[in-house]
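For reference, the structure is listed below as structure tokens.
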Amino acid sequence: MIDLSPRNRTSRMALVVVAGILVVVVLFRILSPVLVSSALVRERVETAVEDWLGHDVTIDSVPQLEFWPRPMVRLRGIVIRQEDRPGSPVLGHIAELSASFSLLKALTGNPVFHNFALVQPDITVHTGAGGQLNWSNQGLLGAAVRHAISTDTAEKARPLNDAEIGDVSISNGRLVIDSSDGRSLTLEQINGTLDWDELSAPARLRARSLVRGVLLDIDLSTAQPLQLLGGASASLDLALNSSLITARFSGRADLTRSAFLSGDLQLTIPKMAEVVRWANLPIHTADALHDITLSARLVTLERVMRFDQLTIAANGTSGTGVMDLAMATDTQPPRVSGTLAFDRMDLRSLAHAISSDRQDAGPVDPAREAPFERQLGFDARFSVKTARYGPLVLTDAAVSLLSDAKRAEVEILDSTALGGSLTGQISMRLTPKPATKIRLSARNVEFDALAKQLSLPGSLIIAPASIDLDLDLSKPLFLAKPDDVTGTMHFSAATGQIPALDLDAFRTLASGTGYFTLDKARDGHTDFNSLDLQADFTAGSARIRQATIDGSSYVMHLSGVVPYQTRSLSLIAVIDSKTGAASHRAFIGGAWPNPIIWPAPAGTPAKP
């Protein structure tokens with residue numbers, strides 16, 4: 001019995017409709033290779049790419065059409081030239097390009113392509129002296145960029161050709177960027193995807209590339225890709241990851257305003273020297289930095305990049321504050337300035353970081369001698385709770401750092417040290433011949449504590465002392481030897497004591513006829529009212545011009561030469577009594593801390 005109820009009639013009708021649709025689809029798929037012309041598709045692909053780029057495009061192969069599971073065209077041997085004329089420069093090659101297309105539109109003779117896949121694209125971009133590129137901005141992409149960044153009312157009123165793009169995948173690509181000054185950057189083995197549904201939609205690029213032997217992961221996204229390409233203000237999220245550097249930026253970019261950036265920046269660099277070599281940068285003051293981490297609110301003002309709310313750590317120390325990076329100009333090198341506060345700082349490492357060892361690095365590669373890039377300039381001020389230079393410890397230090405291509409200076413503007421104060425300056429001349437000047441001024445420092453910090457041997461004084469050092473080194477600071485030092489020293493102390501030296505015993509032994517060692521006069525101590533010493537340094541020795549120890553009943557004078565490399569002594573001591581007793585003279589020789597003393601006859605010259 002046949003059921004002709006309305007419900008069954010509806011079901012049958014639905015089945016018939018579905019079956020009809022399936023038949024049409026199958027026939028459509030079967031007949032598509034016959035109905036769609038491969039020559040037409042090839043022509044349309046060439047035209048589409050030309051329209052997008054604004055350059056001549058030729059395809060050497062016959063398109064391969066696929067219709068299952070979705071329509072796709074595959075082409076090989078694509079060449080992009082500057083323009084359609086013989087001998088026109090080649091801008092790029094694409095070994096293989098595939099794209100999806102609408103079958104219905106293809107049957108009407110107007111196929112539209114999207115979701116592109118590029119295999120082995122090889123693109124060259126050349127920048128001229130004025131910054132112009134060898135790629136045109138006259139294609140659909142260039143027109144869309146101009147429309148997005150235009151401030152002209154009439155231009156903005158025209159509708160945007162919001163073309164569909166879809167996903168663009170890249171396999172084993174290569175990008176070469178050449179500049180008019182001869183520099184070149186090559187990105188090889190590029191693999192990744194560009195997600196960009198249509199021109200007005202947000203875009204995201206995720207790719208990995210081999211750059212100078214280092215794999216670099218790039219993740220870039222923006223809600224305004226056309227504005228970003230046109231150099232106008234646009235949102236930007238960028239992440240770079242490699243074994244040499246990790247960086248993240250989130251904010252806004254405006255490439256027309258001296259590369260304006262505004263946003264949050266995080267940066268990690270294990271070894272700056274490796275980044276310098278990888279990026280083929282000239283040797284500069286930052287290449288000795290390591291274990292660098294940085295976070296800041298980045299703002300660009302004209303040609304100055306400001307790191308606000310900065311937290312930075314490097315070489316085992318960390319600090320906070322504000323830092324500016326002024327970009328290089330035609331007459332000035334790049335320069336860092338700012339004010340930072342550190343909990344601790346290694347001044348020796350800081351001096352080493354900004355010094356130069358170029359004279360020991362062999363011949364200079366002319367390709368690395370770009371003007372104003374030999375030295376990253378500094379003009380910065382640091383406040384440091386605890387500063388250290390070797391064994392010397394300073395507290396509450398104010399430090400100045402100044403450097404350019406010709407000089408580098410580390411100056412201690414103020415500090416507390418061993419109960420007193422200390423200021424100083426290390427000035428390193430880098431050109432034309434490396435040399436170093438050291439200035440040090442200490443006031444009322446506890447000299448016995450200083451001697452312990454410096455591990456000085458022998459009987460030294462216990463007293464607040466003042467020291468002035470003025471030294472010249474004929475070589476860079478960290479290459480100089482004792483023979484390279486010339487200069488002067490002035491040492492003075494108020495009331496104090498010389499432990500393990502009994503001057504009464506010394507005078508008694510010096511009045512005899514035989515020699516003795518200083519150990520024979522160490523059982524007591526000697527008090528003094530003042531001590532003053534002036535010395536000159538040259539050829540690895542200190543020449544004592546004048547040394548006076550003023551006690552309650554005596555005055556002791558010393559003069560001579562101290563070859564400090566061997567800790568040897570060649571001195572004459574004269575002890576005059578304040579009570580009318582006889583004066584005593586003695587030769588002091590041998591090596592410190594236990595020299596040998598010979599009594600000297602009266603009338604012995606004051607200098608050995």
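The values are calculated or read from the model by the stated rules, or taken from the named source; none is laboratory data. Given the structure is predicted, the values throughout are model-derived calculations rather than measurements. Backbone-built Cβ (ideal geometry, glycine too); neighbour counts: all protein chains shown. To get the accessible areas, we keep the full protein, side chains included, count just its heavy atoms, and leave off ligands, DNA and RNA. Shrake-Rupley method; radii C 1.70, N 1.55, O 1.52, S 1.80 Å.
Given the condition modelled with pLDDT of 85 or more, part of a loop (DSSP other than H, G, I, E, B), out of contact with any Cys (no Cβ under 7 Å at 6 or more places or on another chain) and of a type in the set (Gly, Ala, Ser), answer yes or no: does some residue in the range 584-606 qualify?
The answer is yes; a qualifying residue exists.
Can you name the number of the only condition in (1) open to solvent by 40 Å² or more (accessible area, probe 1.4 Å); (2) within 29 Å of ASP472 (Cα to Cα); (3) touching a Lys or Arg at 6+ places or on another chain (Cβ under 8 Å); (4) not β-branched (Val, Ile, Thr) that PRO601 fails?
(2)
What residue, among those in the range 469-479 that are open to solvent by 50 Å² or more (accessible area, probe 1.4 Å) and in contact with a His (Cβ under 9 Å, 6 or more places away or on another chain), is farthest from PRO432 (Cα to Cα)?
Once the filter is applied, the top-ranked residue is ASP470.
Within the group ILE218, ILE177, ILE165, ILE170, which residue is closer than 28 Å to PHE260 by Cβ, among the β-branched types (Val, Ile, Thr), assigned to a strand (DSSP E or B) and modelled with pLDDT of 90 or more?
Sole residue among the options that is closer than 28 Å to PHE260 by Cβ, among the β-branched types (Val, Ile, Thr), assigned to a strand (DSSP E or B) and modelled with pLDDT of 90 or more: ILE218.
Could you please find all residues in the range 419-437 being open to solvent by less than 40 Å² (accessible area, probe 1.4 Å) and within 29 Å of the chain's Cα centre (by Cα)?
Matches in the range 419-437: GLY424, ILE426, SER427, MET428, LEU430, PRO434, ALA435, THR436.
Of all residues in the range 486-513 being touching a residue at least 60 places away in the same chain (Cβ under 8 Å) and open to solvent by less than 40 Å² (accessible area, probe 1.4 Å), which is nearest to SER552 (Cα to Cα)?
LEU503
Only one of these is farther than 30 Å from LYS437 by Cβ, in contact with a helix residue (DSSP H, G or I) (Cβ under 7 Å, 6 or more places away or on another chain) and not small (Gly, Ala, Ser): ILE549, ILE575. Name it.
After ruling out the rest, the residue left standing is ILE575.
Just need a number here: residues in the range 514-545 that are open to solvent by 40 Å² or more (accessible area, probe 1.4 Å), modelled with pLDDT of 90 or more, touching an Asp or Glu at 6+ places or on another chain (Cβ under 7 Å) and not basic (Lys, Arg).
Looking only at that region, the number is 2.
What residue, among those in the range 566-583 that are open to solvent by 50 Å² or more (accessible area, probe 1.4 Å) and in contact with a Pro (Cβ under 9 Å, 6 or more places away or on another chain), is modelled with the highest pLDDT?
The selected residue is SER570.
Say we look at the range 564-583 and pick out the residues that are part of a strand (DSSP E or B) and over 54 Å from the mean Cα position of the chain (by Cα); which of these is nearest to THR538 (Cα to Cα)?
ILE572
Conditions first: (1) on the phi > 0 side of the Ramachandran plot; (2) at pLDDT below 70. LEU133 passes all but one, so which condition is the exception?
All conditions are met except number (1).
So which residues in the range 475-512 are hydroxyl-bearing (Ser, Thr, Tyr) and touching a Pro at 6+ places or on another chain (Cβ under 9 Å), if there are any at all?
THR495, SER511
If you take just the strands (runs of 3 or more DSSP E) that sit entirely in the range 440-499, which of them hold at least 3 residues that are in the same structural domain as ASP519 (by the TED database)?
Here the list reads 485-493, 496-498.
Within the range 205-214, identify whether any single residue is closer than 25 Å to GLY142 by Cα, aliphatic (A, V, I, L, M), open to solvent by 50 Å² or more (accessible area, probe 1.4 Å) and assigned to a strand (DSSP E or B), and answer yes or no.
Yes; the residues of the range 205-214 include at least one that is closer than 25 Å to GLY142 by Cα, aliphatic (A, V, I, L, M), open to solvent by 50 Å² or more (accessible area, probe 1.4 Å) and assigned to a strand (DSSP E or B).
Quick check on the range 30-47: of everything there that is open to solvent by 30 Å² or more (accessible area, probe 1.4 Å) and within 28 Å of GLN82 (Cα to Cα), which residue is modelled with the highest pLDDT?
THR47
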